[in-house]
1. Any idea how many residues of the range 189-238 are polar (S, T, N, Q), over 14 Å from the mean Cα position of the chain (by Cα) and under 22 Å from GLY69 (Cα atoms)?
2. Working carefully through the options GLU64, GLU37, GLU51, GLU16, find the one that is at pLDDT 95 or above, acidic (Asp, Glu) and over 25 Å from LYS139 (Cβ atoms).
3. If a residue must be more than 16 Å from the chain's Cα centre (by Cα), buried (at least 20 other Cβ atoms within 10 Å of the Cβ) and either not aliphatic (A, V, I, L, M) or not assigned by TED's automatic domain parsing to the domain that holds THR188 (or both), how many such residues does the range 133-164 contain?
4. Among the residues of the range 8-51, write down those that are under 18 Å from the mean Cα position of the chain (by Cα), more than 14 Å from GLU64 (Cα to Cα) and touching a residue at least 60 places away in the same chain (Cβ under 8 Å).
5. Exactly one of these conditions fails for GLY75: (1) small (Gly, Ala, Ser); (2) touching a strand residue (DSSP E or B) at 6+ places or on another chain (Cβ under 8 Å); (3) at pLDDT 95 or above. Give me its number.
Amino acid sequence: MKIALIGYGKMGKAIEQIAVSRGHEIVLRITSSNRHEMTPQALQQADVAIEFTGPDAAAANVMECLDAGVSVVTGSTGWNNDIPAACSKATQQGVALLHASNFSVGVNIFFEVNKLLASLMSGRTEYAPAVTETHHIHKKDKPGGTAITLTEQIMQQGGLLGWSLDGEDNAPGIIPVYAHRIGEVPGTHSIKWSSVIDDIEITHTAHSREGFALGAVLAAEFVSGRSGIFSMQDVLGIVR
């Protein structure tokens, strides 16, 4: 499989290492300094583009890949408002789009555990949830996409109205999301359900970027040759 890497920072380099080890070829590497080289002709060398940039660049990057008729796997967060348009464009172009707030296999299993716990807690008003995330100091969006996904999963079980960053809004039904930025932490996420009697807490701790990079390559392998809108649940065969 031929891959275009859109974003060639630490994550892009980790993806490259794993992709090459699995027999794939990197045919294009795009950074902010050579963005002008991201032409339709250059993109069309690839079977799949893997996009890991930032919230300000992601939407334009994804749309350019889709316009070129290239399927996209993107892990950029902070551009949620533009995702529906990207899904429509992928459908129009007959290619694949897979967006995930986190590509780690472990995190995607953690998502399912979070949904199950939230469903068990539905209607138990004696417990109140809180979400805590810790990331490296270079992460631009706050909270990150994984924390937002976890929070939205809890809200979908009903009875909770929204969330607020660092507990700024402590009104009933509002989930506090605490976002910490420390050193080079790859990512730690915790969900705590607290009552006056006890606490129930689940936590996922990433030890390196390798898990995220492997998941992105697995996603690219999955979408290659396919058309449609996919998720990591499709890649991992997670059905509940």
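The values are calculated or read from the model by the stated rules, or taken from the named source; none is laboratory data. On a predicted model such as this, the values are computed, not experimentally measured, just so you know. Backbone-built Cβ (ideal geometry, glycine too); neighbour counts: all protein chains shown.
1. Counting residues in the range 189-238 that are polar (S, T, N, Q), over 14 Å from the mean Cα position of the chain (by Cα) and under 22 Å from GLY69 (Cα atoms) gives 2.
2. That would be GLU37, the only listed residue that is at pLDDT 95 or above, acidic (Asp, Glu) and over 25 Å from LYS139 (Cβ atoms).
3. Result for the range 133-164: 1.
4. Result: LYS10, MET11, ALA14, ILE15.
5. (3)
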